[in-house]
Amino acid sequence: MPIGDEQQLAQLISVFSKSWELYIQFYTYFLGFNVAGLTLVAKYLVGTRAKAPVIIAFIVQNAITAFTSLGMALYSCETAKKALLLGCRPDTTPIPSWLGQWGGFANVVASLSIGICWIMLFRIKKPIRIDD
């Protein structure tokens, strides 16, 4: 592998790793806020008119997260292809494209599932009793 390609590959790996690091941090906060939001809305806002804007905001957030997750899955695949073009052998590429694809697509499913929970909560008319 020529030296220029080695530098490009090192930069590709660095950007790929940083992208996934930032995405995982974002997704961790996203999950925490969704669980807290679901609990608080179910306990305090169900049965009131105040729930609609909160639920709509979280549904939009889940849709954006689903698209972000899909983007990360596709990015992982494209980055692995670029690594192969730079001379990496398929069995030694440092880009775990299968893991990135699986993680991205799994998070799409998780985001959509949480969005469905929000839609179901929107339809509930009486507050849910959550024991302290």
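For the chain, with a Gaussian network of springs between Cα atoms less than 10 Å apart, report the residue from TYR23, TYR75, TYR44 with the top mean-square fluctuation. Ranking TYR23, TYR75, TYR44 by mean-square fluctuation puts TYR44 first. Each listed q (0.13, 0.16, 0.27 Å⁻¹) maps to a log10 I(q)/I(0) for the stretch 51-127 from the Debye sum over equal C-alpha point scatterers, namely -0.51, -0.64, -1.09. A straight Cα-to-Cα reach below 26 Å connects LYS43 with the lysines LYS51, LYS125, LYS126, residues fewer than 8 places away in its own chain not being considered.
The label-point distance for ALA52 and LEU70, in a model that sets each label 7 Å from Cα toward Cβ, rounds to 2.8 nm. If R0 is 25 Å, the Cβ-Cβ spacing of SER113 and CYS77 corresponds to a FRET efficiency of close to 0.60. With each label modelled as a point 7 angstrom along the Cα→C-beta vector, the TYR44-LEU31 pair spans 2.5 nm. Across all directions, the average flat footprint of the convex hull enclosing the Cα atoms of the stretch 12-88 is 5.4 nm². Taking the charge dipole of the chain about its Cα centre, with +1 at Lys and Arg Cβ atoms and -1 at Asp and Glu Cβ atoms, the residue from TRP98, LEU45, ALA63 reaching farthest to the positive side is LEU45. Relative to the dominant Cα principal axis of the chain, helix 97-123 is inclined by about 10°. Simple point charges give the picture: +1 on the Cβ of Lys and Arg, -1 on the Cβ of Asp and Glu, and for the chain a dipole about the Cα centre of about 860 debye.
Since every read-out is calculated from the coordinates, none of them should be taken as a lab result. Quick caveat: nothing in here was measured; it's all calculated off a predicted structure. No Cβ is skipped: glycine too gets one built from the backbone with ideal geometry, and neighbour counts run over all protein chains shown.
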